[in-house]
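Student: Sharing a structure here in C-alpha cells format.
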Amino acid sequence: MKLKTPKIKDIKNKTVLVRVDFNVPLKKITNAAGAFKWVVADDERLKIALPTISFLREHAAKIILCSHLGRPEGKVAEELSLRPVAHYLKHNLNLDVDFANECFGKEVQQKTVNLQKGQVLLLENLRFYKAEEANDETFTKKIVASTSAEIFINEAFSASHRAHASVVGFNKLIPSFAGLNLDSEVQMLGKILEKAEQPFVVVLGGAKIDDKVSAVKNLARLADLVLVGGGLANAFLKASGIEVHKSYMGKNTDENVALAREILDEHQTERTLVGTKKTDPGLPLPRVVLPIDVLAARNSEINQEKQVRQIDLLSDVRDSENDLDLQYLDIGPKTIALYKKLLDGAKTIFWNGPLGVFENPLFAQGSLTIAKTIAKVTTETPAATVCGGGETNAVLSSANLHDRFSHVSTAGGAALEFLGGEKLPGLTALQKA
C-alpha cells in the first residue's frame, strides 16, 4: 500500500491539523494535603508522533493536534482530559504547546489566531463529543472552521481501524497526507503480508478477546503457526472441550467460543513441521497451537506462590460440571518450552498481547520469557520480528527490550486487522484523498 506523505511545499507556513493517538495511560498523584492531579504514565505514543511534529515545526507550520483518550462515551470526564498530556509535552518533551478546552468554538478559534509558526495547540479529547464516534461530518467541519486548517495529516495508525469522524472525515474537506510513523507502520506490516519469510509464527494473547478471535481466523491462513496464550487461549481451550473453570473468555463468551471452535475445525486436518535446525524433522503440530499447561489461581490478585497451581492440560481435564474456583492466568513451563522451540526456528514473528496477567509477577513468566526469546531470535538470526499493542509494549518496557525487535508498534487492533487482510477506514480515506 502506497500512501502520500507531506513534502515541505505541502506544509510550509501553513496551518496543519494532525490526528495523533495520545491515548496514553494516566495515573493519579495525590499529595499530603489530599489534592491530586493526573499525570502521563507512559509516553511511548507521544514520542512516536514527534518526527512528524518536528518536521512541521522546522518548516514554520502552525500545528493543531487532536486525539482521543479512553472511552468517555460522549461526556466530559476530568480523568480523561488531555490537559495532562499537554503539560507532559511541554515540560518533558520540550514542545511549545498550548491547550484548548474544546475541539471547536471561540476559544479554539482565538488560540489558533494567536498561534505562532512552529507552535503547537492540543485540542481537548475528541471523544467528549458523541459526534466523534458517530462519524458526524458536521463535527469535522466545525473543527476545520475553528482552526482554519489548510492541511490534514493522519499520524494515528493505531486508531485507523475506527471509522470515526477525526479518522475518516477531514480528507473530504482539506488536502490530506499520511504521517511519517503511520507510513512506516504500513510499510513494515505490508512487508509481513506480502513477503513474510517462512516459517512465519504469530503469537497472540491479551485480555481483549472479543477483538482477537476473528483475527486468529485470518492470521491462521497467513502464518505457519499461531501460538495462543493469555485470556485468548481460554476460549480456544473451551472450544476444544478442555475445562477452563472460571477463566475469562471475553464479554461475548458464547460467540467467542463458537468462533474459536470454527477456526479449530477449519485447521484440524492441517499439520505443520517447524524445527529449530535443518536437521531437525520438526514437530507435527496443528496450525493453531494451544497451551499444554497453565498456571491457575482463584484470582489475579493473589501474592503468594503457594496459591498458584500448575495444571497439565494433557491430563484428564475434559470440560465437565466439576467447576473449580480457578482462573487460568499464565501459560505453564511446558508451554513456555514448546513455544520457545517453535520461535527459535521462525524467520518472521508477529506478537500481539501478553500471555498472562503479567502485571502480577506470579503470572509474568510466560510473557517475559517469550519476549526474551523473540529478542534473542532478532539478534542472532536475520528474522524479522514485530510486536504491537499497548500491553505488549508494557511487557517490553518491563524487560527493557524495546530495541531488540525489528519493529515495535503501538498499534494493537489496527495492526491485527491490517495483517488479517481487513481494510482500515483511516487508510482507505487517505488513499481516496
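Student: Would you please list the contacts, defined by Cβ atoms under 6 Å and residues six or more apart or on different chains, that run from a residue in region 24-51 that is among the aromatic types (F, W, Y) to a residue that is surrounded by 13 or more Cβ atoms within 10 Å (Cβ to Cβ) and modelled with pLDDT of 90 or more?
Tutor: Listed by first residue and then by second, the contacts come to W38/L26; W38/P84.
Student: Test of understanding: among I209, I263, I292, which residue is out of contact with any Leu (no Cβ under 7 Å at 6 or more places or on another chain), surrounded by 14 or more Cβ atoms within 10 Å (Cβ to Cβ), in the same structural domain as L368 (by TED's automatic domain parsing) and without any contact (Cβ under 8 Å) to a residue 60 or more places away in the chain? Give the steps one after another, and end with the answer.
Tutor: Details: I209 fails: out of contact with any Leu (no Cβ under 7 Å at 6 or more places or on another chain); I292 fails: out of contact with any Leu (no Cβ under 7 Å at 6 or more places or on another chain).
I263 is the lone residue from the list that is out of contact with any Leu (no Cβ under 7 Å at 6 or more places or on another chain), surrounded by 14 or more Cβ atoms within 10 Å (Cβ to Cβ), in the same structural domain as L368 (by TED's automatic domain parsing) and without any contact (Cβ under 8 Å) to a residue 60 or more places away in the chain.
Student: Okay, moving on. Taking into account only those residues within region 185-206 that are outside any loop (DSSP other than H, G, I, E, B), surrounded by fewer than 21 Cβ atoms within 10 Å (Cβ to Cβ) and not hydrophobic (A, V, I, L, M, F, W, C), which is modelled with the lowest pLDDT?
Tutor: K195
Student: Still on this structure: Can you tell me which of L227, L182 is modelled with pLDDT of 90 or more and part of a strand (DSSP E or B)?
Tutor: L227
Student: Could you tell me how many of the residues in region 49-67 are touching a Leu at 6+ places or on another chain (Cβ under 7 Å) and either among the hydroxyl-bearing types (S, T, Y) or part of a loop (DSSP other than H, G, I, E, B) (or both)?
Tutor: The total comes to 2.
Student: Okay, moving on. Hey, any hits in region 133-143 for a residue that's in a loop (DSSP other than H, G, I, E, B), surrounded by 16 or more Cβ atoms within 10 Å (Cβ to Cβ) and on the phi > 0 side of the Ramachandran plot? Before the answer, list the steps.
Tutor: Within region 133-143, the subset in a loop (DSSP other than H, G, I, E, B) is 134-136.
Add one more test, that the residue is surrounded by 16 or more Cβ atoms within 10 Å (Cβ to Cβ), and what stays is 135-136.
Adding the requirement that they be on the phi > 0 side of the Ramachandran plot leaves 135.
For region 133-143, residues in a loop (DSSP other than H, G, I, E, B), surrounded by 16 or more Cβ atoms within 10 Å (Cβ to Cβ) and on the phi > 0 side of the Ramachandran plot: present.
Student: Now, a different point. If you take the residues of region 313-358 that are loosely packed, with under 15 Cβ neighbours inside 10 Å and of a type in the set (D, E, K, R), which of them is nearest to the chain's Cα centre (by Cα)?
Tutor: D325
Student: When region 378-395 is examined, which residues are found to be in a helix (DSSP H, G or I) and either surrounded by fewer than 24 Cβ atoms within 10 Å (Cβ to Cβ) or hydroxyl-bearing (S, T, Y) (or both)?
Tutor: Result: T378, T379, E380, G390, E391, T392, N393, A394.
Student: Ok, one more. Would you be able to tell me the number of residues in region 1-56 that are within 25 Å of S409 (Cβ to Cβ), charged (D, E, K, R) and surrounded by 18 or more Cβ atoms within 10 Å (Cβ to Cβ)?
Tutor: 3
Student: Condition check: surrounded by fewer than 20 Cβ atoms within 10 Å (Cβ to Cβ), free of Cβ contacts under 8 Å to residues at least 60 places away in the same chain and not assigned by TED's automatic domain parsing to the domain that holds A178. Does H407 satisfy that?
Tutor: In short, no.
Student: Checking N400 against (1) without any contact (Cβ under 8 Å) to a residue 12 or more places away in the chain; (2) of a type outside the set (D, E, K, R); (3) in contact with a Leu (Cβ under 7 Å, 6 or more places away or on another chain), which single condition isn't satisfied?
Tutor: (3)
The values are calculated or read from the model by the stated rules, or taken from the named source; none is laboratory data. Computed from a predicted model, the values in this text were never measured in an experiment. Heads up, the Cβs are rebuilt from the backbone with ideal geometry, glycines too, and the neighbour counts pull from every protein chain shown.
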